[in-house]
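The values are calculated or read from the model by the stated rules, or taken from the named source; none is laboratory data. On a predicted model such as this, the values are computed, not experimentally measured, just so you know. Please note: Cβ atoms are built from the backbone with ideal geometry, for glycine as well, and neighbour counts cover all protein chains shown. We work out accessible area using only protein heavy atoms, side chains counted, and drop any ligands, DNA or RNA first. Shrake-Rupley method; radii C 1.70, N 1.55, O 1.52, S 1.80 Å.
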Amino acid sequence: MLVFFSYTRNLLKPRSSSPLPFTSIMHMSQSTSIPKKQDRVRDHGFDNYMEAEKKTRKVLKFQSLILSQPSQTLPISRFDSLARRLGLGFKENEAAAYLLKFPHVFEIYEHPVLRILFCRLTQKALLQIEQEKQALHAQLPDAVTRLRKLVMMSNTGRLRLEHVRIARKEFGLPDDFEYSVILKYPEFFRLFDARDARNKYIEIVERDPELAICAIEKVREREYREKGLDAEDVRFSFLVNFPPGFKIGKYYRIAVWKWQRVPYWSPYENVSGYDLRSLEALKRMEKRAVATIHELLSLTVEKKISLERIAHFRMAMNLPKKLKDFLLQHQGIFYVSTRGNYGKLHTVFLREAYRKGELIEPNDLYLARRKLGELVLLSSRKAKVDKELVSYRRDTEVDDIVCVRPDYMENDVKDFGVEYEIEHDGRREGYSLDSDFVSDDIDEAEDLDEKEDTV
């Protein structure tokens with residue numbers, strides 16, 4: 001009897017958990033799904049890209065200030081007050097000194113009458129602006145198609161006009177796209193007008209099945225044909241390329257392999273009639289969110305967009321709330337860079353579209369925008385500046401812009417000339433800005449206050 005009681009007491013006694021079963025359970029959970037929390041692994045190729053773009057963004061703001069003036073020139077003394085008004089973070093007299101760092105973009109000269117320092121854009125900068133305008137106009141039909149696909153990805157077939165306006169540059173839309181694109185093509189778009197501009201909506205007139213094909217589907221077809229991969233492995237998979245230094249364990253590799261085989265609904269498919277409460281439906285919707293962001297990035301000109309602008313489309317496209325954590329789960333598909341604005345800006349890149357910090361399939365608009373970055377990064381030592389730092393000498397033998405295409409360089413400089421007229425001693429005289437730098441032969445009596453022709 002005592003032996004039986006001792007045996008039953010051992011049966012009722014809770015067993016202590018051994019480390020082996022716990023470890024095996026933990027490994028099983030790791031192998032079934034990708035971990036929700038992932039540490040960021042930096043990719044210096046994308047971070048260096050954003051560091052260069054940080055300088056370009058400041059230069060663009062100064063360019064806008066100069067071009068907004070009637071004479072397209074500004075006194076150096078006004079830059080400090082205007083920079084503080086724009087919140088560029090410059091202290092006193094720092095804005096004027098900042099312009100001297102980019103002599104290939106900004107030309108500082110002494111006004112021939114007022115005898116004070118003025119600033120205007122160089123001929124190379126004006127040429128870059130004109131090339132970007134031409135590239136933007138040439139790709140306008142593609143921009144219309146991109147906008148149609150963007151609106152088609154929304155749940156209701158409509159998007160807020162304000163959200164598209166904020167991201168117009170990323171999608172290659174002109175500033176007046178409300179009139180030049182939406183109202184110009186009533187067969188594609190319908191604009192719901194309102195008194196408040198923030199309540200205006202863009203609605204797609206009719207969903208085109210030929211446009212409801214994602215960019216990743218074309219990539220899968222190419223991978224299947226070129227590499228002869230298994231159809232089941234390619235059917236729902238994404239191109240995965242982890243950043244250097246990303247640790248890929250055995251069970252994480254299994255988790256990614258299983259996730260690649262999970263089916264999902266297309267971003268252009270209407271899922272409002274589906275029951276989304278089951279576990280399988282949640283997995284499909286999670287992968288559908290990855291496909292939606294992938295397609296959103298594929299529609300952009302530079303295959304990148306800020307995280308804050310993706311968040312504007314979150315409700316319309318069924319994207320998760322914590323977008324940053326969600327994107328960090330898939331670092332092999334996307335890269336989130338915090339460089340470029342002291343950690344306040346998060347830029348999302350499509351990894352498969354870039355190689356060594358350069359777009360694999362560049363377009364004309366991307367190339368035109370990159371030329372401004374090349375002017376910004378061009379060494380200031382190559383610019384010939386006189387000792388007083390009041391004007392630039394012209395060098396007709398050496399051209400520092402090695403990236404400009406020959407057909408653009410052969411254009412007559414008169415196409416980009418800026419002419420001014422002044423009244424001096426009762427007579428009007430003309431002045432033309434047809435060179436990159438101010439020559440020594442300029443008549444001192446000529447004034448730059450009025451402009452006849454614009455770029």
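Between TYR251 and ALA281, what FRET efficiency comes out of the Förster formula 1/(1 + (r/R0)^6) with R0 = 30 Å and r the beta carbon distance, rounded to 0.05?
Working from the Cβ atoms, E equals 0.75.
Got a sec to turn the phi values of segment 86-93 into Karplus ³J(HN,Hα) couplings, 6.51 cos²θ - 1.76 cosθ + 1.60 with θ = phi - 60°, whole Hz, x for Gly and Pro?
Calculated HN-Hα couplings, in order: 7, x, 7, x, 9, 8, 5, 6 Hz.
Using amide H atoms built 1.01 Å from N in the peptide plane, name the residues 5+ places from PHE106, or on other chains, whose amide H lies under 5 Å from its own.
So PHE106 has HN proximity to THR122.
Could you work out the per residue convex hull volume over the alpha carbons of segment 221-283, in cubic angstrom?
Given the Cα convex hull of segment 221-283, per-residue volume reads 138 Å³.
Probe of 1.4 angstrom, ligands and nucleic acids ignored: what's the accessible area per residue over segment 126-204, in square angstrom?
49
Only Cα pairs under 8 Å and at least 6 apart count here; give the relative contact order of segment 308-363 as a rounded whole percent.
The normalised contact order for segment 308-363 reaches 21 percent.
Describe numerically, in nm with one decimal, the distance between label points set 7 Å from Cα along Cα→Cβ at TYR274 and at ARG85.
For TYR274 paired with ARG85, the spin-label model returns 5.2 nm.
How many times 2.2 N^0.38 Å is the alpha carbon radius of gyration of segment 212-363?
Taking N as the residue count of segment 212-363, the ratio is 1.06.
Using a Cα-Cα cut-off of under 22 Å, which lysines could be cross-linked to LYS344, ignoring same-chain neighbours fewer than 8 residues away?
Cα-Cα hits under 22 Å: LYS37, LYS54, LYS55, LYS58, LYS61, LYS91, LYS169, LYS303, LYS304, LYS321, LYS322, LYS324.
So, in Å, what gap is there between the alpha-carbon centers of segment 47-82 and segment 235-253?
Result: 41 Å between the Cα centres.
Once the principal axes of the Cα atoms of segment 73-195 are found, what is the range along each, listed largest first in whole angstroms?
So the three principal-axis extents are 59, 29, 24 Å.
Leaving out ligands, DNA and RNA, and with a 1.4 Å probe, what % of the accessible surface on segment 180-233 is carbon or sulfur?
Carbon and sulfur: 47 percent of the exposed surface of segment 180-233.
Find the accessible area per residue for segment 47-121; the probe is 1.4 Å, ligands and nucleic acids are left out, and the unit is Å².
45
I'm checking a number: the convex hull volume of the Cα atoms of segment 119-185, normalised per residue, in Å³. What is it?
99
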